[in-house]
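For reference, the structure discussed in these notes is given below.
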Amino acid sequence: MDRMKLQPVFNDLQRLLENESLSNEECRYISDSLVHFRNNLCISEGFTNNEISGESIVTVSNIVRPNSFVGNFTYHRSDIGSHLPKNCLLWNLFTLGIDRLLINLLAHAEKAKWITTIAELIALFYKERNDQNGVPNFFGIGVSVTASGDSDRPILSRSLENSANAHLKPANRRRMSDDVTDFFQPEPTEKEMSKLLTQFTLNFLLRGYNILVSQLHEQLLLQKENNVNQNDKSDFVWFISYFLPFVSQLKMNLNLFKDIFTIDILCYLTWESVRQTEEFEMNSLRLPPVDLKSNRIERRLHRSVKAILEYLRILEEHTRPSNNFEKHGLRRELQERVCKQLCHYLPAARDIRQLFLLQLLQFNPDIQSRRYLCDVITANHLLLLILERVPHQEPGGARDFNLHQHLNQFCTKTIMARYGTALEGFRTNGPFLNDCIFTMLHHVGCDLSEIALVCQPNIMRHFASIWQEAFQISDDWHDLIAYAVHIFNLSRGKIGNTSPDRETSEFSNQDDWRSMEFESLTSQTFNNDDDEFENLRTDFESLLILLKGDGFQKQLDWIQSSLLTACAARLGIYSDHEFRHPITCLSLKLNTPCPIVPWTEAEASALSSKPFRFFLRQLGLFPSLPNAGTYPRIPLEWSPDTLYNVALSLGSVAHQQVDFDLSCVGKL
């Protein structure tokens, strides 16, 4: 695919884009041309077993072949056999103006017809141009540790920042293709490729990124969940996790991304992260075991966390009482408005803040990376910082949220063991990550008076190392360590009787509820449960009394509340307020059974109880389908009346428990 073959195609495409309206044949020509470019880029890098955005792509035999081409370009089968090096192929495309072409395509009225292919094409530009940690590198663009000590976040080189400043000034903007055409070479150097992609990144961020991400989001919502291509979801999440660090580091005007910084997109990221968390959990329990450390399932889960993390970084930066941004001026005021509007929703968005609790509980150090754990902890810390500021910025904004009650959920041995695992790398964590860890330990040990939970061996061991090495931390954290050591010494006998191995791994490996979940997964039809509880099959009330007597009242309330929330969603109560219950509302919108997510340790442990699982199956909340997932699910076909009556079977329902008028539903 050399320049001579490409030139007529580019001429045709530019000519077509001069028209506001296009025929179906012309739209197909544009789409097929983009598919052709994408296919050749895939071929050029050894197509088989490579990945776009971390996902496996189809083999050569399954390449999407254009239906037809018109005008000056005829598609030849031999073109797919071309093995032109990727850098040369990219150089040819850019010298012909693919940067300008893609920006114009994204601005066209018919963009929805080729948006997915553009996303795949742009992802290929950057593929294999990251360092081992997934940080944007561009070869010539440096990566270093931030001033806050967060080593996961890219700092762009001065050359990129200078380029950004030039692009941000309208008078100095130049088409990137104009810069490179004058010195076209058949074999570009890595430095030239770095400059080319640096300039494209800025062009894309300024003129196309907002459109592409918002359009991808719209298309994902229009598709039914079972019909969505996994690569489409992965591309959407990748574009957020990969490019948002540039937005932050270059201090770009957030008004350029007003369609990205919306509560709807943050809710979709939450939905996708919950789905990936469940999928990872399900695969971690399979036999034979899946190598999840090198598996794309683990990468997808981590990328979903990174996307939300980068989102929260920017929100937190723009909600600080004072920061390095402009203190005055219209731009500063508009940016604050974008962030404040979004942050105002967060106190009522329970699923978003519960997500990190879920991921901390389900973290398995045997098969998940410490980097993933630290990203979850960092994202949770940033969200808590934002939530602490919301009441001061928006009076009454936090009326649905009690920070003290939320933090109480972190007061468990399991969660503290996770923070102990993260603290193990205190020497290399950097100040910011260490602050994230110590802040939660302080909340639990001091603010919530649960210092005994902090005095776990795997935390105290690291406290001792910090103390002995005189490691530099803030005075507040020194005080916390001194307090914990004092309490530990006072109760040495009591704490010493607890096995360190049990203390630090109680919920880290194949512990009780994780093992029971595995048993549940490997017998999808619950035949074992049926045999054991056959005598209770026709006595629903007896089983309900048994569960209450065994201390499952709170878990039954959780199931009932989930059913009532689903009932309200199907009555349309949350219309335009889907952020209050994104998992429930998106399940309905995407036409898929609604998962009942075990956000807390108590809820997760209930699912490991045979009587409780049997009870849920009797209610119809555990599908018998293979690979249905590890969470209970509310059937899509249940009507609001059915949902209300099933909820009613678990106990009486008061008006204050529901978001809808009880007269809207009737007893069956």
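The values are calculated or read from the model by the stated rules, or taken from the named source; none is laboratory data. Bear in mind that the values here come from a model prediction, so they are computed numbers and not experimental data. Because the Cβ atoms are built from the backbone with ideal geometry, glycine has one as well, and the counts that use them run over all protein chains shown. Heavy atoms of the whole protein, side chains included, go into the accessibility calculation; ligands, DNA and RNA do not. Shrake-Rupley method; radii C 1.70, N 1.55, O 1.52, S 1.80 Å.
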task = Compute the FRET efficiency between Lys251 and Cys27 as 1/(1 + (r/R0)^6), taking r as their Cβ-Cβ distance and R0 = 30 Å, and round to the nearest 0.05.
result = 0.20
query = Which of the peptides 90-97, 15-22, 588-595 is most tightly packed, and how do the rest follow, going by the mean number of other Cβ atoms within 10 Å of each residue?
reply = 90-97, 588-595, 15-22
remark   = Per the 1/(1 + (r/R0)^6) rule, R0 = 22 Å and r from the Cβ atoms of Asp475 and Asn408, FRET efficiency to 0.05 is 0.25
request  = Multiply the residue gap between Gln7 and Gln553 by 0.36 nm, knock off their C-alpha separation, and tell me the result in nm, one decimal place.
outcome  = 189.5 nm
ask   = Between Leu668 and Ile545, how many nm apart are label points set 7 Å from Cα along the C-beta direction?
value = 2.5
ask   = For the cross-link pairs Lys251/Lys340; Lys127/Lys251; Lys258/Lys340; Lys127/Lys191; Lys233/Lys340, which exceed 20 Å when the distance is taken from alpha carbon to alpha carbon?
value = Lys127/Lys251; Lys233/Lys340
query = Residue separation times 0.36 nm, minus the C-alpha to C-alpha distance between Thr189 and Gln14: what's the value?
reply = 60.2 nm
ask   = Can you give the Rg and Dmax of segment 546-668 based on its C-alpha atoms, in angstrom?
value = 14.0, 41
remark   = Ranking Asp659, Asp235 from most to least accessible area with a 1.4 Å probe gives Asp659, Asp235
message = Here is the link list: Lys113/Lys195; Lys113/Lys306; Lys86/Lys195. Which ones come out longer than 23 Å on Cα distance?
response = Lys113/Lys195; Lys113/Lys306
message = Heavy atoms only, 1.4 Å probe, whole protein assembly: order Arg633, Arg492, Arg613 by accessible area, highest first.
response = Arg492, Arg633, Arg613
